[in-house]
Amino acid sequence: MTGRELGGHGFYAGYVAPWLTPFALSVGVFALTAFAFLAAVYLTLEAEDPELQEDFRRRALGSGVALFGAAVLVLVLSLGGAPLVREGLIFAPAALPLHLLTAATAVTALAALWSRRYRLARLVAAVQVSLILWGWALSQYPYVLPPDLTIAAAAAPAVTLRLALGALGLGAVVLLPSLLYLFRVFKGDV
């Protein structure tokens with residue numbers, strides 16, 4: 001396919017370059033930092049060796065601070081890279097309460113790590129990352145892909161949604177006992 005076949009744009013300009021913008025790269029760094037934070041927090045509780053546990057604690061504290069920096073970078077770069085998302089992140093009715101709740105969970109997670117309360121840190125870190133994902137979703141509401149594709153337009157017909165929900169229910173009947181068995185085998189009494 002030539003550049004002319006793509007409406008005057010080459011493959012790189014049409015399909016690769018949009019992923020290499022400063023905003024897109026900052027979102028990637030943000031996601032990577034969030035996953036590093038979550039993994040380090042989870043591993044503080046899993047590590048049995050005190051030295052290894054302390055190493056994961058330090059990594060979790062460092063990545064938690066880096067996560068804040070990455071969030072600020074994404075917000076700054078969204079001005080030019082994703083103005084609709086920025087608008088939703090700042091001006092949506094749920095934005096301020098969501099940001100305050102996310103900040104509270106972040107501070108609580110870091111404080112719990114600092115004081116070596118790893119179970120609390122794990123719980124609050126999971127809530128923090130969940131709130132970040134909810135913030136992203138709410139910043140684009142009612143769109144899936146702004147400004148053209150709304151959630152309602154992207155939804156499947158009602159009959160398909162009911163069938164999918166039924167399939168999820170049946171799948172859960174099989175999956176949940178298997179998952180409990182897996183945890184019993186590998187985690188013992190936990």
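The values are calculated or read from the model by the stated rules, or taken from the named source; none is laboratory data. Keep in mind that what you see is a predicted model, and the values were worked out from it rather than measured. Every residue, glycine among them, receives a Cβ derived from its backbone with ideal geometry; neighbour counts consider all protein chains shown. Surface areas here come from the heavy atoms of the whole protein model, side chains and all, with no ligands, DNA or RNA. Shrake-Rupley method; radii C 1.70, N 1.55, O 1.52, S 1.80 Å.
Below, the figures for the structure above:
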read-out	value
Checking residue 53 against (1) surrounded by fewer than 18 Cβ atoms within 10 Å (Cβ to Cβ); (2) polar (S, T, N, Q); (3) under 22 Å from residue 133 (Cβ atoms), the condition it does not meet	(3)
Residues that are in contact with a Leu (Cβ under 7 Å, 6 or more places away or on another chain), aliphatic (A, V, I, L, M) and closer than 16 Å to residue 127 by Cα, drawn from segment 75-111	98, 101, 110
Output for segment 144-188, where each listed residue is open to solvent by less than 80 Å² (accessible area, probe 1.4 Å) and of a type in the set (Ser, Thr, Tyr)	150, 160, 178
Residue in segment 57-77 that is under 20 Å from residue 145 (Cα atoms) and touching a Lys or Arg at 6+ places or on another chain (Cβ under 8 Å) present	yes
Every pair of residues 6+ apart whose Cβ atoms lie under 9 Å, when the first sits in segment 142-169 and is of a type in the set (Phe, Trp, Tyr) while the second is open to solvent by less than 80 Å² (accessible area, probe 1.4 Å) and in a strand (DSSP E or B)	143/149; 143/150
Residue 169 being within 22 Å of the chain's Cα centre (by Cα), part of a helix (DSSP H, G or I) and either farther than 30 Å from residue 84 by Cβ or of a type outside the set (Ser, Thr, Tyr) (or both)	no
Residue in segment 54-66 that is of a type in the set (Val, Ile, Thr), modelled with pLDDT of 95 or more and assigned to a helix (DSSP H, G or I) present	yes
Residue 111 modelled with pLDDT of 95 or more, open to solvent by less than 40 Å² (accessible area, probe 1.4 Å) and part of a helix (DSSP H, G or I)	no
Within segment 141-166, tally of residues that are over 30 Å from residue 91 (Cα atoms) and within 26 Å of the chain's Cα centre (by Cα)	3
Sole residue being open to solvent by 50 Å² or more (accessible area, probe 1.4 Å), at pLDDT below 90 and more than 19 Å from residue 62 (Cβ to Cβ), chosen from 101, 123, 84	84
